[in-house]
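K.L.:
Here it is, the structure, as structure tokens.
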Amino acid sequence: MEQKNPGTRLAALLEARAIKAGEWRLREFAIGADVFAPQSEMPPVCVLKSGLVKLYYLVAEGDQWTKSYIIDAGVFGPTSASAQVTQFGASALEDCAIGQISLAWLGQQLQQDEQLSEALSDFQNWLFERKRKREEDLLCLSAEDRYLNFLNCEPELAERLEQREIASFLRVTPVALSRIRKRLKQDRKIPA
């Protein structure tokens, strides 16, 4: 099983401090809405309170490459204060409640708040390891093994995502995923 997401701790700290400072803006996003689009000029730092968000890149052919999913609680947004735009986008796959704070305010807080800085560091280390594992899985595992690993490591996400989203995340076609699922059910590796 995957290590607990330290983004939930970071999210709680950010929310508490932003509310206290009057920097918190809670917004609702309906299913299918863009939280922010790729190439957006410095969107706010987002704290997911509820729902399901997909982070994605647009590739040269116009397709989406799923970066990751955030479920019910977590933090996402610009990765650098010096970048002019964010390369990835975020869309709501379920109705979402998202707190937003400015990156500039967060930068100031990180200089003054050791607990917040430590929580961000833990979260960044967790993200790095998660990204390394995803890259390794995409390069080294068969599609079937990637699917089984996904079911094992992300059971709640597997329950809430549509099959086309799972296929996209695993980098297979929906037809290929359907065949994999059928074969695994026949072999009794997953429930029928």
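Read-outs throughout are calculated quantities, based only on the coordinates presented, and are distinct from any laboratory measurement. These numbers come from a predicted model, not from an experiment. Here the Cβ positions follow ideal geometry from the backbone for every residue, glycine too, while neighbour counts run over all protein chains shown.
K.L.:
Could you give the angle, 0 to 90 degrees to the nearest 10, between helix 114-140's Cα long axis and the longest principal axis of the Cα atoms of the chain?
P.N.:
20 degrees
K.L.:
Please build a GNM for the chain, connecting alpha carbons under 10 Å apart, and tell me which residue among 29, 88, 128 fluctuates the most.
P.N.:
128
K.L.:
On to the next question. May I ask for the equivalent-ellipsoid semi-axes of segment 33-144, computed as the square root of five times each C-alpha gyration tensor eigenvalue and listed largest first in whole Å?
P.N.:
24, 18, 15
K.L.:
Running a GNM on the chain with Cα contacts under 10 Å, which residue among 108, 39, 87 ends up with the highest mean-square fluctuation?
P.N.:
For the chain, modelled as a Gaussian network with Cα springs under 10 Å, the answer is 108.
K.L.:
Report the one residue of 42, 59, 101 whose Cα lies farthest in the direction of the positive end of the charge dipole of the chain (charges on C-beta: Lys and Arg +1, Asp and Glu -1; origin at the Cα centre).
P.N.:
Comparing the listed Cα positions along the dipole, 59 ranks first.
K.L.:
Springs between alpha-carbon atoms under 10 Å, Gaussian network over the chain: tell me which of 137, 63, 34 tops the mean-square fluctuations.
P.N.:
63
K.L.:
Students often get this wrong, so try it: which of (1) 123; (2) 102; (3) 204 is volume of the Cα convex hull per residue in Å³ as calculated from the structure shown?
P.N.:
Here the calculated entry is (1).
K.L.:
Under a point-charge model restricted to the Cβ atoms of Lys and Arg (+1) and Asp and Glu (-1), what is the dipole moment magnitude of the chain relative to its Cα centre, in debye to the nearest 20?
P.N.:
600 debye
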